[in-house]
Amino acid sequence: MPGKRGELKHDSMKASKPTATFRVLHTADWHLGKLLGDNSREVEHVRFLEWLLGAIAEHQVDLLIIAGDVFDSANPPQTAVTQYYSFLSRLRRAGDCQVVVVAGNHDSPAHLEAPREILKPLGVEVIGFWPEDPAQACIALPGRQNPALIVAAVPFLRDRDLRVGAAGQSATEIQQELTRGIRERYASASLAARELAPDSVPLLATGHLTVTGCTSAESEREIHIGGLGAVGSDAFPEAFAYVALGHLHRPQKAGREIIRYSGSPIPLSFGEAGDHKEVRLVDFAGGKLQAQTALSVPVFRPLIRLATRHAELKQTLEQFAPPASDLPAWLEIAVEDPVPGENLYEIARDCAAGRNYEVLRVVASRTQPLAGPALGEKASFEEAADLLSNPAQIFSLRLDQEPGLTPEDREQLVLAFTELRHLHQERQRSADAPAVS
Ligand SMILES: [Mn+2]
C-alpha cells in the first residue's frame, strides 16, 4: 500500500523508533476556524496539518492525541469542518496511526461526537462528554487484545457536570466544589483505566483545564466561573504515566515533567507573538514512559508586535524587516501617543504596500493601567473601545463608584456577575450548536 510505514525508507535514519515502542504525539488547541480580527487562519492551518502528516510519518507515530479545542467555536465554519475530516482521512490513508480526540471548552461536545460511530472504524476515538461510566472513556491501544497503552480520554469537564449551583455560595465554596469534582473524575478515570489491562500496561490521561501555577497567553477563554476550576497538579493520580493537557496555549509542564501542555500549534493571538510552538512525542516501552521529545512547529506566518510613537510610525515601518517566512507576517502596531483624528492605520497600511508584511491593526499602547479614572473624560477612544470589550472591567469600575461597599459584598457581586455572564455564554454556545434530538 503506498505510503505505508515500511516504505518510508528515505526517512529511515531519522525515523528510527526503538523496537517495541508505542509512540504518542500530543497536540491540542488547534482552533480550526479561528479568525484574528476579520482575518482567516485557514492557510496557516493548511500548512500546519500538512506538516503534521509529514511528522507523523517521519516519526512513525502510533497515536495522535488532540487534547481539546479542535475547533475555535461550537459552530465552526464548513471550511474548518472539511479541514478536520480531510486530515483524518489523509492520515488514515497514509498508515495506521490511531487518533484520540477529546472536546475542549471551545468545542461543542455534541457536534464533535456526532460522527463518532463512523470515525471508530477509521481508528479515531472521540470523547465529547464525560460519560457516566468512566470505563466508556478508557481506550486500549492499539487494541483490546494487545494493549500497549490505556488512554483515559477525559474531555473538558463543564461547570454543570461538576457542581449544582446554589444561591449565595462564596467563591471559596464554588472553588472547592469544582476542584473536588475534577479530582474525583480523574480518580475514577484512573481506576477504570487500570481495570482494562494488567499493571504492566502504562496509563495516559488527557485533560482540558487549568492547572495552577501555569502561564496563560491572552487567547484562552476563561474556562470555569471566575477561573475557579483551576486544580493543582496533584489532581492527577500517580497511576498516570503521562498527562496530555490542552487549554493553555504556551507549551509547558504543569508541576511535574510528565504533566504537560503541548500548547497551540499556531500563535492564536498577538499575545502569543514570538512564542515558540511545539508538539510532543511521548514514547512508551517496557511498561512505562521512556522518553519525551519536543518537535518544534515551523512558523508559517509570524505574528509581530511593534511599539512606536505616532511621529515615528512611518520611520519604524520603513526600517522594519520581517523575518523570512512562508506567508507574509502580520503586524500589530502599538502607538504610545495616538492623536485623535489621525488615521494611523491608513499611514501604516500605505507603508506596508508591496512589502512582505501586512498591518492588521494599530492600537494605543496601554502605558497606564485601565483603572477607575480611565472611565472619565480623559479616556481616549481606544481605551474606551478596549473597555467595551471587557464587561468584567466595566462592572468593576461601576462597583468602584458604589459608596459603602464592603469587600465581602463586592466579592459576592463580582461572582454573581461572572456567573450570569458564564450562563449567558453557555446559552449562546448551545444556541449556536446544531440541535440534537
Ligand atoms: Mn484553546
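The values are calculated or read from the model by the stated rules, or taken from the named source; none is laboratory data. Source: prediction; values computed, not measured. Note: ideal-geometry Cβ built from the backbone for every residue, glycine included; neighbour counts use all protein chains shown. Ligands, DNA and RNA are excluded from the accessible area calculation, which covers all protein heavy atoms including side chains. Shrake-Rupley method; radii C 1.70, N 1.55, O 1.52, S 1.80 Å.
Tabulated results
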quantity	calculated
Residue ID - farthest from Pro322 (Cα to Cα), chosen from residues in region 259-277 that are more than 14 Å from the ligand (Cβ to nearest atom) and surrounded by fewer than 19 Cβ atoms within 10 Å (Cβ to Cβ)	His276
Members of region 203-240 found to be away from the ligand (no atom under 16 Å from the Cβ) and open to solvent by 10 Å² or more (accessible area, probe 1.4 Å), listed by number	Thr212, Gly213, Gly226, Leu228, Gly232, Ser233, Asp234, Pro237, Glu238, Ala239
Residue match in region 322-331 (condition: modelled with pLDDT of 95 or more, away from the ligand (no atom under 16 Å from the Cβ) and aromatic (Phe, Trp, Tyr))	yes
Filter result for the condition that a residue is out of contact with any strand residue (DSSP E or B) (no Cβ under 6 Å at 6 or more places or on another chain) and over 23 Å from Gly68 (Cα atoms), over Gly168, Gly143, Gly181, Gly128	Gly168
Matching residues in region 89-121 - criterion: being closer than 19 Å to Gly54 by Cα, outside any loop (DSSP other than H, G, I, E, B) and open to solvent by 10 Å² or more (accessible area, probe 1.4 Å)	Ser89, Arg90, Arg92, Arg93, Ala94, Gln98
Filter result for the condition that a residue is at pLDDT below 95, out of contact with any strand residue (DSSP E or B) (no Cβ under 8 Å at 6 or more places or on another chain) and outside the structural domain of Ala148 (by TED's automatic domain parsing), over Val339, Val335	Val339
Filtered residues of region 61-87 (kept if more than 16 Å from the ligand (Cβ to nearest atom) and crowded, with 18+ Cβ neighbours inside 10 Å)	Val61, Asp62, Leu63, Leu64, Gln83, Phe87
Set Thr215, Thr206, Thr172: member being under 25 Å from Ala239 (Cα atoms) and of a type outside the set (A, V, I, L, M, F, W, C)	Thr206
Near pairs, Cβ below 8 angstrom, 6+ apart or cross-chain, from region 390-418 (farther than 12 Å from Gly168 by Cα) to any residue that is at pLDDT below 85 and assigned to a loop (DSSP other than H, G, I, E, B)	Gln393/Leu370; Leu399/Leu405
Exclusive hit being modelled with pLDDT of 95 or more and more than 19 Å from the chain's Cα centre (by Cα), set Glu44, Glu58	Glu58
Positions within region 138-155 being in contact with a Leu (Cβ under 7 Å, 6 or more places away or on another chain) and open to solvent by 20 Å² or more (accessible area, probe 1.4 Å), in sequence order	Pro147, Ala148
Within region 302-333, tally of residues that are open to solvent by less than 20 Å² (accessible area, probe 1.4 Å) and either in contact with a Leu (Cβ under 7 Å, 6 or more places away or on another chain) or within 16 Å of Ser269 (Cβ to Cβ) (or both)	8
Residue check for Leu281: within 15 Å of the chain's Cα centre (by Cα), among the aliphatic types (A, V, I, L, M) and assigned by TED's automatic domain parsing to the domain that holds Leu196	no
Any hit, region 276-296, residues being among the aliphatic types (A, V, I, L, M) and not in a strand (DSSP E or B)	no
Residue in region 257-264 that is touching a helix residue (DSSP H, G or I) at 6+ places or on another chain (Cβ under 7 Å) and under 17 Å from Ala205 (Cα atoms) present	yes
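Rundown of residues vs (1) over 23 Å from Asp133 (Cβ atoms); (2) open to solvent by 30 Å² or more (accessible area, probe 1.4 Å); (3) within 15 Å of the ligand (Cβ to nearest atom); (4) not in a helix (DSSP H, G or I), yes/no style:
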position: Arg160; (1), (2), (3), (4): no, yes, no, no
position: Gly165; (1), (2), (3), (4): yes, yes, no, yes
position: Leu191; (1), (2), (3), (4): no, yes, no, no
position: Ser200; (1), (2), (3), (4): yes, yes, no, yes
position: Tyr242; (1), (2), (3), (4): yes, no, no, yes
